[in-house]
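The values are calculated or read from the model by the stated rules, or taken from the named source; none is laboratory data. No experiment lies behind these values; they were computed from the predicted model shown. Neighbour counts are summed over all protein chains in view; Cβ atoms, including those assigned to glycine, are modelled from backbone coordinates with ideal geometry.
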Amino acid sequence: MRPTLTLRIFLSWLAWQSRRRGVTPRMIALDEIPPIPAAPPAAPILKQIRRVTGRPSFPVALSSLRIRRWREIRVPGADGFRTARLYRPRGKVRGVVLFLHGGGFVHCDLVSHHGICCRLAAASGAMVVSLDYRLAPEHRFPAGLEDAKAALDWIFRTVDEDVPVAVAGDSAGGNMSAALTQWVREKGLRPLSAQLLYYPALSGPFVPPSRQAYAEGYMLSAELLYWYCGQTLRSPEQLFDPAFSPLLAEDFQDLPPAMIVTAGFDPLRGEGELYARCLDEAGVPVRLKNFPRMIHGFLNGYALFRDGRQALREGGMFLREVFAQKNGGAC
């Protein structure tokens, strides 16, 4: 699939911006991609990865003090019911947010992002539904996305029409959130009120300057990105599917207002910036916020990084403002 006209124009702009770093944005060729699908890691190794990354950012009991209450529920997935956590803020509920956690589609879970969801619910005044979608490599693309579609459809059917609904996520969750907005538009479903994307993975085969400039040494490396792709995808051709690479969509019109948060030393920063530019040129209200001192995944370090707390606060306020404009009622 060829890039859209907007994407080709902005590639030229990115090339000019990147000359001082000596890197040039480009589209990778299939023969450059490591094997997809890749062999999954041994079961004990995968279990250890998930055990380490599944730890909470902050003690669950203390994180929960910011909200009225939380509880686990069961919601429809694409292949049976899935566990989710429902976070209810104090005071009036201004909307509903489907939150999708990051982790390269392979790891992290409801526990790892518990504190993030508590803070997001408190800042936005929204009911946050955090979904335990299926993970790769046991369930490859598009399994997790299909679970997210089913959960979002359940939310649409459950809450009143006048209650605003938004999607939010970090990294891989940001990827799926962006894909959901395009799916909702294509299916003619109830319009989403907002999308909140934290350092999202969006470009698939497109290599922006940031992915080259910060290819190693900043936690998330280019090598690790391709490892995630190998664990997640069934074939290299799926890299070019807009459902996996939302930047390859044919157009960006009629998508919900967006806030995109990026990190300065993140190989994914460029695709977040490009997505914001594409939305803006399509007439979609967009707010781009970069935290120049941060690396990928900094939300999970919010207990240590002030920027992590600020990013959650500003994202929550963005949702609160959009919900107020939509005149949503309480749930």
| message | Can you list residue pairs whose Cβ atoms sit under 7 Å apart, with the first residue in the stretch 198-215 being on the phi > 0 side of the Ramachandran plot and the second being buried (at least 23 other Cβ atoms within 10 Å of the Cβ) and part of a loop (DSSP other than H, G, I, E, B)? Count only pairs 6 or more apart in sequence or on different chains. | response | TYR199/SER171; TYR199/ASP266; TYR199/LEU268; TYR199/HIS296; GLY204/PHE244
| remark: Those residues of the stretch 133-167 that are farther than 14 Å from LEU192 by Cα and part of a loop (DSSP other than H, G, I, E, B) come to a total of 10
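Per-residue answers, yes or no, for (1) without any contact (Cβ under 8 Å) to a residue 24 or more places away in the chain; (2) under 15 Å from the mean Cα position of the chain (by Cα):
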{"site": "MET127", "(1), (2)": "no, no"}
{"site": "ASP153", "(1), (2)": "no, no"}
{"site": "GLU161", "(1), (2)": "no, no"}
{"site": "SER171", "(1), (2)": "no, yes"}
{"site": "GLN182", "(1), (2)": "no, yes"}
{"site": "LYS187", "(1), (2)": "yes, no"}
| task | Inspect the stretch 274-287 for any residue being farther than 30 Å from ALA126 by Cβ and either crowded, with 17+ Cβ neighbours inside 10 Å or modelled with pLDDT under 95 (or both) and give the result as yes or no. | result | no
| Out of all the residues in the stretch 226-243, which are of a type outside the set (Ser, Thr, Tyr), surrounded by fewer than 18 Cβ atoms within 10 Å (Cβ to Cβ) and farther than 16 Å from MET176 by Cα? | TRP227, ARG234, GLU237
| request: Return yes when GLY308 is over 28 Å from VAL184 (Cα atoms), under 18 Å from the mean Cα position of the chain (by Cα) and surrounded by fewer than 21 Cβ atoms within 10 Å (Cβ to Cβ) and no when it is not. | output: no
| What tally of residues in the stretch 273-312 results from selecting those that are charged (D, E, K, R) and within 21 Å of ASN175 (Cα to Cα)? | 6
| field | Residues being surrounded by fewer than 17 Cβ atoms within 10 Å (Cβ to Cβ) and not charged (D, E, K, R) - total across the stretch 45-57 | value | 5
| request: Would you confirm whether any residue within the stretch 244-261 is crowded, with 21+ Cβ neighbours inside 10 Å, touching a strand residue (DSSP E or B) at 6+ places or on another chain (Cβ under 8 Å), of a type in the set (Val, Ile, Thr) and closer than 22 Å to LEU120 by Cα? | output: yes
| note | Okay, helices (runs of 4 or more DSSP H) sitting entirely in the stretch 32-132 with 3 or more residues that are under 23 Å from ALA148 (Cα atoms), out of contact with any Lys or Arg (no Cβ under 6 Å at 6 or more places or on another chain) and hydrophobic (A, V, I, L, M, F, W, C), I get 114-124
| task | Would you please name the residue that is surrounded by the most Cβ atoms within 10 Å (Cβ to Cβ), looking only at residues in the stretch 146-180 that are among the charged types (D, E, K, R) and within 14 Å of ALA243 (Cβ to Cβ)? | result | ASP147
| said: List the residue pairs whose Cβ atoms are under 8 Å apart, where the first residue sits in the stretch 83-105 and is buried (at least 22 other Cβ atoms within 10 Å of the Cβ) and of a type in the set (D, E, K, R), the second is modelled with pLDDT under 95 and not in a strand (DSSP E or B), and the two are 6 or more positions apart or on different chains. | reply: ARG94/GLY328; ARG94/ALA330
| message | For the condition crowded, with 18+ Cβ neighbours inside 10 Å and either touching a Pro at 6+ places or on another chain (Cβ under 7 Å) or among the basic types (Lys, Arg) (or both), what is the one hit in ALA215, ALA222, ALA201, ALA194? | response | ALA194
| the stretch 168-182, residues that are of a type outside the set (A, V, I, L, M, F, W, C) and not in a strand (DSSP E or B) | SER171, GLY173, GLY174, ASN175, SER177, THR181, GLN182
| Among (1) within 19 Å of the chain's Cα centre (by Cα); (2) closer than 29 Å to GLY301 by Cβ, the one test that GLY217 misses | (1)
| said: Of the conditions (1) crowded, with 18+ Cβ neighbours inside 10 Å; (2) closer than 23 Å to ARG119 by Cα; (3) of a type in the set (A, V, I, L, M); (4) touching a Lys or Arg at 6+ places or on another chain (Cβ under 8 Å), ALA324 satisfies every one except a single condition; which number is it? | reply: (1)
| field | Conditions (1) closer than 23 Å to THR262 by Cα; (2) in contact with a helix residue (DSSP H, G or I) (Cβ under 7 Å, 6 or more places away or on another chain); number of the one not met by GLY173 | value | (2)
